[in-house]
Structures are given as C-alpha cells and as structure tokens.
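Please treat every number below as a calculation from the coordinates, not as lab data. Keep in mind it's a predicted model, so treat the numbers as computed, not measured. Cβ sites come from the backbone with ideal geometry, for glycine too, and all protein chains shown count toward neighbours.
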Amino acid sequence: MLRPDGELRFYEHVRSTNPLTAAAESLVTPLWSQIYGGCHPDRDTVAAIETAGFMIDHVSRFSSHGASHVLGVARNTT
C-alpha cells in the first residue's frame with residue numbers, strides 16, 4: 001500500500017527481448033514457478049505495474065548474468 005504521493009521502486013528480472021531466450025523462458029515457467037515460489041521468468045513486470053494503475057516515471061532495462069532486468073520508479077495514478 002502506498003500513500004497518495006508515494007512511489008513504487010522496482011527491480012525485477014523480466015522476459016527477455018531475445019525471441020529464442022523468451023521462448024525458453026515460456027517453456028520453463030510452469031516448472032520454474034513451482035520450484036522457485038511463484039517466480040515467473042517470462043512475466044512483463046512493467047505492463048503488470050501499469051495494469052495495476054501505476055504510471056511509470058522511469059525504467060532502465062539491462063541484462064545481467066544472462067537474464068533481462070528492469071529497474072524503475074512508478075507512481076500511483078489515483
């Protein structure tokens with residue numbers, strides 16, 4: 001829960017922009033999610049944050065250890 005002027009800061013691993021890697025992520029997600037406590041390596045976190053009613057102020061995308069990541073700030077739109 002955020003107060004009206006609060007901000008959501010996020011750092012997540014996300015679906016790869018590489019089509020082959022993204023396909024592999026989709027393939028392993030059902031088992032991966034069961035083993036790693038609900039983690040979904042093929043999730044579009046930025047879209048999920050926007051769908052939840054937040055406005056993205058800033059987002060950086062980068063790759064680390066073979067995985068795609070996003071780092072950013074979002075604000076409540078209400």
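Could you grab me the full set of residues in region 55-72 that are among the β-branched types (Val, Ile, Thr) and loosely packed, with under 15 Cβ neighbours inside 10 Å?
The answer is Val59, and nothing else.
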Fill in the blank from the handout: Residues in region 13-54 that are among the hydroxyl-bearing types (Ser, Thr, Tyr), closer than 20 Å to His65 by Cα and loosely packed, with under 15 Cβ neighbours inside 10 Å total 3
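Can you say whether Ala22 is under 12 Å from the mean Cα position of the chain (by Cα) and free of Cβ contacts under 8 Å to residues at least 24 places away in the same chain, as far as the supplied structure shows?
no
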